[in-house]
Amino acid sequence: MFDFDTSVNRRGTWCTQWDYVGDRFGVDDLLPFTISDMDFATAPCVIQVLQKRLNHGVFGYSRWQHEEFLGAIRHWYQQRFNCEINTNWAVYGPSVIYMVSQLIRIWSKPGENIVVHTPAYDGFYKVIQGNKRRLLPCSLEKQGNNWVCDMNQLETLLSQPETKILLLCNPHNPTGKAWSHSELKTMSELCERYNVNVISDEIHMDMTLRDTKHIPWSEVATTHWALITSASKSFNLPALTGAYGFINDDHSRAAYTHQLTQSDGLSSPAILAISAYITAYREGHIWLDELRNYLSDNLNYVAQELNAAFPQLNWQPPQATYLAWIDLRNLNIDDDKLQQILIHEEKIAIMPGKIYGEAGKGFLRFNTGCPCSKVELGIQKLISALRKLC
């Protein structure tokens, strides 16, 4: 029903991934497989409602605290995750990472600890360091093709008196791990035991693959918590801005709203984002399901080609996200040399694993959120670069 094969030319649109690839990789005009947005146009139903809103012609101040928006969110959680979400706890903000930053300030003081599973989304490092907090890494362990959290290690970190927050990525970026109910429940019980607040970044919640199910933190929560998310990954809308979430504690929710509106002067959401979210959550499910099938095929292609060229990798697609977290450690190659070949000889940009912390060394994060023809070209160039080093 939908065309994901046709390439959309994003050059010349002030696009971070394409037009500004040189900012990170030092060379312009590389074929990028980098930051986590997709090369697909958003769902047709979203484009139609945006065009209708544009034709209205007036873009004045707006609100998000209305039944059209909150009801669409409730509907989405009921239909996608089979859970009842309390929209009386809802909050809004310009981005997920902004909302995370505000909660870090509410729930901790400079110098206190925040536990993060590593390797971690690089924005987590920046927002923790920028707020002068201390990041405690809890390394995920690769066991076969699964990523596992050592709950004993996690408990040791949470039990420290200076630890105030667990910053969770659910599903996990960059590994693509979808947390199980039992894992989340154990983490919730540990956080309650040691009086640690939880911020659950669930921006990739809709991008679980195959039969994997996403479990919102609200389904296991027992302590003070916030679930922060957005439709931006699911429907490729990050440039519209906007994120939302739920804070279960009245005092914390009031403190967040005060900082948003009084300290930072942010009160009116982007009306195009509100319109897009409502329509996406009410009408976009079929498009999203077809997209997820397409992304699964892209990731299966990556596995097929990499493993045919290098059987020792035995790489398998992730449980969630369209980000291929590729473990190259069995090849014993130099990460920096590989990047030089990818950039200067193959002319492609792929995120090096070290961006995601010490635990990311020996990995690449390859974005498959694009037409299969681009994935095929990128993987063949990656295989060519690896063969030059092996």
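Using the Stokes-Einstein relation with a Kirkwood hydrodynamic radius computed over Cα pairs, the translational diffusion coefficient of the stretch 178-234 at 37 °C and a viscosity of 0.692 mPa s comes to 274 µm²/s. Legend: helices of the chain (whole DSSP H runs) are marked when their alpha-carbon atoms reach 15 angstrom or more along the helix axis and their mean Kyte-Doolittle hydropathy is at least 0.0; marked are 96-107, 271-283, 372-389.
Any idea what % of Cα-Cα pairs in the stretch 3-49 are farther than 12 Å?
Working: 717 of 1081 pairs.
Result: 66 percent of Cα pairs exceed 12 Å.
Placing pseudo-labels 7 Å out from each Cα toward the beta carbon at K361 and F59 gives an inter-label distance of 4.7 nm. The residues W76, W107, sorted by heavy-atom accessible surface at 1.4 Å with ligands and nucleic acids left out, run W107, W76 from largest to smallest. Based on DSSP H segments of at least four residues, each scored -39500 (n - 2.57), the chain has a per-residue ellipticity at 222 nm of -12500 deg cm²/dmol.
So if I place +1 on the C-beta of Lys and Arg and -1 on the C-beta of Asp and Glu, and nothing else carries charge, what would the dipole magnitude of the chain be about its Cα centre? I want it in debye, nearest 20. Could the numbers behind the result be given before it?
On the way: 35 positive and 41 negative charges, 98 e Å.
Result for the chain is approximately 480 debye, rounded to the nearest 20.
How much accessible area does R282 have with a 1.4 Å probe, in Å² rounded to the nearest 10? Approximately 110 Å² for this residue. Global dimensions of the chain from alpha-carbon coordinates: Rg and Dmax equal 20.8, 59 Å.
DSSP beta bridges fully contained in the chain are about 50 percent antiparallel. Positive end of the dipole of the chain (Cβ unit charges, origin at the Cα centre): among Y77, L313, Q339, the Cα lying farthest that way belongs to Q339. Projecting the Cα atoms of L328, A303, P269 onto the charge dipole of the stretch 262-340 (Cβ charges, centred on the Cα centre) puts P269 farthest toward the positive pole.
What order, most packed first, do the peptides 142-154, 319-331, 295-307, 56-68 have when packing is the mean number of other Cβ atoms within 10 Å of each residue? Can you show the working numbers first?
Working: 142-154: 13.5, 319-331: 21.6, 295-307: 18.2, 56-68: 10.5.
Most protected by this proxy first, the peptides run 319-331, 295-307, 142-154, 56-68.
In the stretch 289-390, Cα pairs under 8 Å separated by at least six residues give a relative contact order of 31 percent. Just the protein heavy atoms count here, and of the accessible area of the chain at 1.4 Å, carbon and sulfur take up 48 percent. Over the chain, Cα pairs under 8 Å with separation of 6+ residues give a relative contact order of 23 percent. Taking one quarter of the surface of the C-alpha convex hull of the stretch 296-369 gives a mean projected area of 5.0 nm². The distance linking the stretch 1-74 with the stretch 240-287 is 17 Å (Cα centroid to Cα centroid, whole angstrom). Let me make sure I get this right: for the stretch 23-99, a, b and c are the square roots of the gyration tensor eigenvalues over alpha carbons, sorted descending. Under 1.5 in a/c it's rounded, otherwise prolate if a/b > b/c, else oblate. Which is it? Prolate shape, in that a/c is at least 1.5 and a/b is the bigger ratio. The value of relative contact order for the stretch 1-105, using C-alpha pairs under 8 Å at least six residues apart, is 13 percent.
Accessible surface area normalised per residue over the chain is 43 Å², counting heavy atoms of protein chains with a 1.4 Å rolling probe.
Counting every pair of alpha carbons in the stretch 233-369, the share spaced more than 25 Å apart comes to 50 percent. Counting only protein heavy atoms and using a 1.4 Å probe, the accessible area of H251 comes to about 140 Å².
Above 24 Å lies some portion of the pair distances; for the stretch 142-241, what is it as a whole percent of all C-alpha pairs? Write down the numbers at each step before the final one.
Details: 1197 of 4950 pairs.
That tail contains 24 percent of the Cα-Cα pairs.
The values are calculated or read from the model by the stated rules, or taken from the named source; none is laboratory data. Values in this document were obtained by computation on a predicted structure and should not be read as measured data. Every residue, glycine among them, receives a Cβ derived from its backbone with ideal geometry; neighbour counts consider all protein chains shown. SASA here: full protein model, heavy atoms, side chains in, ligands and nucleic acids out. Shrake-Rupley method; radii C 1.70, N 1.55, O 1.52, S 1.80 Å.
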